[in-house]
1. Can you find a residue in the stretch 57-66 that is out of contact with any Ser or Thr (no Cβ under 9 Å at 6 or more places or on another chain), among the hydrophobic types (A, V, I, L, M, F, W, C) and at negative phi?
2. Quick one: how many residues across the stretch 149-164 are touching a strand residue (DSSP E or B) at 6+ places or on another chain (Cβ under 6 Å) and either surrounded by 15 or more Cβ atoms within 10 Å (Cβ to Cβ) or free of Cβ contacts under 8 Å to residues at least 24 places away in the same chain (or both)?
3. Being surrounded by fewer than 17 Cβ atoms within 10 Å (Cβ to Cβ), at pLDDT 95 or above and not in a loop (DSSP other than H, G, I, E, B): is that true of ARG64 here?
4. Could you grab the pairs with beta carbons closer than 6 Å, sequence gap of 6+ or different chains, first residue in the stretch 122-148 and in the same structural domain as ALA217 (by TED's automatic domain parsing) and in contact (Cβ under 8 Å) with a residue 12 or more places away in the chain, second one buried (at least 17 other Cβ atoms within 10 Å of the Cβ) and among the aromatic types (Phe, Trp, Tyr)?
5. For the stretch 6-61, which residues satisfy the criterion of being touching a residue at least 40 places away in the same chain (Cβ under 8 Å), of a type in the set (Lys, Arg) and part of a loop (DSSP other than H, G, I, E, B)?
6. Of the conditions (1) within 30 Å of GLY117 (Cβ to Cβ); (2) free of Cβ contacts under 8 Å to residues at least 40 places away in the same chain, GLY353 fails just one. Which one is it?
7. For GLY357, which of the numbered conditions (1) at pLDDT below 95; (2) of a type outside the set (S, T, N, Q); (3) in a loop (DSSP other than H, G, I, E, B) fails to hold?
8. Any residue in the stretch 336-347 that is assigned by TED's automatic domain parsing to the domain that holds GLN261 and under 19 Å from LEU314 (Cα atoms) sitting within a Cβ distance under 7 Å of a residue that is outside any loop (DSSP other than H, G, I, E, B) and among the β-branched types (Val, Ile, Thr)? List the pairs, counting only those 6 or more apart or interchain.
Amino acid sequence: MARIKPFKGLRPPRDLVEQVESRPYDVLNSEEARAEAGNNEKSLYHIIKPEIDFPVGTSEYDPRVYERAAENFAKFQRNGWLKQDEKEMFYIYAQTMNNKTQYGLVVTAWVEDYMNGVIKKHELTRRDKEEDRMKHVRVNDANMEPVFFAYPDNQVIDDLVTRITKEKPEYDFIAPIDGFRHQLWLVDDTEDIQTIVETFAQIPSLYIADGHHRSAAAALVGAEKARLNPNHRGDEEYNYFMAVCFPTSQLTILDYNRVVQDLNGRTPAEFLEALSKNFLVVEKGTNEYRPQHRHEFSLYLDGIWYSLSLKPGLCDESDPIGSLDVSISSRLILDELLGIKDLRKDNRIDFVGGLRGLGELKRRVDSGEMKMALALYPVSMEQIIKIADTGNIMPPKATWFEPKLRSGLVIHKLS
C-alpha cells in the first residue's frame, strides 16, 4: 500500500511565481534555457540548468555547475524568492491543455515504496543520468522538481479535490511557450490531510508516468542519507521525495514518433514493397494522416502519407511488450528493414513528441534532414499499468505525457 505524507513546501510568493517557474530541466537544452531565462535572475533555470550562468559551451556536468546550483538555491531563499510554508500540507496542482484539466496531488512518497516495488516503473534508467540527478539532489539537499505519478481513480480523492478547487487558487497563470494553464491550491486542513493519507494507504500501487531518472535519483539519495546517518530514525524528511499524483483516467498520452535519415540502401519504391510483406500499405495522399487505432502506422515518404496496417498473425496479443506498437515498428520496420537495432544509440533515428504534431514530421522530411517519418498510435495508460504490474519494461521512447509539470511551484527540502 502507498505511503505518502504532507510536507512544508518551499515555493515562490504569489506575485513572483511567474518569474520563478520554468519548464522541467530535461525538456530543453542549455541554450534554450539560457534564452528563456534571459535577464530574469529569478528564473528557476539558474538552479536546475545553472550552466546558463557560465560561458556558452560549459558542460552541464562540470562540478562548478552543481556548486552554482546550490549557491543560487541559497540566494533564492535569502532574497525571499522562495519561502517555506510553516505548516506541513499537500497541494493540488491543476493543468489545463486544450480545454481539458487534470488534477494532481503534490505529496511526498516514501523512499522504501520505490525500493520495494509499491511505486512501479515501466522504463529502464541510465546510471549516468541517475548520477547527474543524484548530484543535484545532494548539493541542494532538496527535490527541486517533482516526479509524475499515476494512481487508480478514487472517488474519495476526487470529491475532496472537487471541493477544494472550487475555492480561489494560490497560483493561476498561463505558461509561456506551451500556453497551458497551471493552478495550485493549498490543502492545509488537518482532516483533509488525514483523509488523503488514509485513502492512499488503501491504494496498492503508484505508477511512474514521467520522471524515472528523477525518481531513481531521489530514492537513492534518500537511502544513502539513511545509511550514512548513525542516528537514523526513519521519520526524517529525506525518507520521502516529492511527486505529483494524477488519477489515471485524467492523463493524456500522446504519440511518440520516429524520423529516420535513410532507407538503408533501398529506393522509396523498394522500401514500400518490402513493407508490404508484413503490412497492408495504403496510399493516403498529401494531407497529414494519423493512425486511427493500434497496429496501424502512418508513414511519410517522398511527400506522400501512407497507412501501414499490421497483417493478421504477426503479433501475440498476450505478450504485453511484443504487442506494443513501438515493439512492432522496431522489430518489423526499424530493425528488419532499416537495420536500426538500438534506438538509444543509432544516430540515424530521432524521436518527435506528439505535441509537435505531424507537421513537424513532414517538415523534417521535406527539409531533406530526414528521409522518412513514422507516426505511431499512442500507448494507453492501461498498457503501461499492465507492463508495470507484470514487472516488464517498455521499449525506449514509448510514452509522451502532456502537459509537462512546471518546475518551481513547490520544492521539497530534505532537512
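1. No: zero hits.
2. Start the filter on the stretch 149-164 by keeping residues that are touching a strand residue (DSSP E or B) at 6+ places or on another chain (Cβ under 6 Å), which leaves 149-151, 153, 161, 164.
Of the ones still in play, those that are also either surrounded by 15 or more Cβ atoms within 10 Å (Cβ to Cβ) or free of Cβ contacts under 8 Å to residues at least 24 places away in the same chain (or both) are 149-151, 161, 164.
Within the stretch 149-164, residues that are touching a strand residue (DSSP E or B) at 6+ places or on another chain (Cβ under 6 Å) and either surrounded by 15 or more Cβ atoms within 10 Å (Cβ to Cβ) or free of Cβ contacts under 8 Å to residues at least 24 places away in the same chain (or both) number 5.
3. yes
4. Every condition considered, the pairs that remain are LYS135/TYR66; VAL139/TYR66; ASN140/PHE73; ASN143/PHE241.
5. LYS8, ARG23, listed by residue number.
6. Of (1) within 30 Å of GLY117 (Cβ to Cβ); (2) free of Cβ contacts under 8 Å to residues at least 40 places away in the same chain, only one is false for GLY353: (2).
7. For GLY357, the exception is condition (3).
8. Correct list of pairs: LEU338/VAL260.
The values are calculated or read from the model by the stated rules, or taken from the named source; none is laboratory data. The shown structure was predicted, so the numbers you read here are calculated from the model rather than taken from an experiment. Methodologically, a virtual Cβ is constructed for each residue, glycine included, from the backbone with ideal geometry; neighbour enumeration extends over all protein chains shown.
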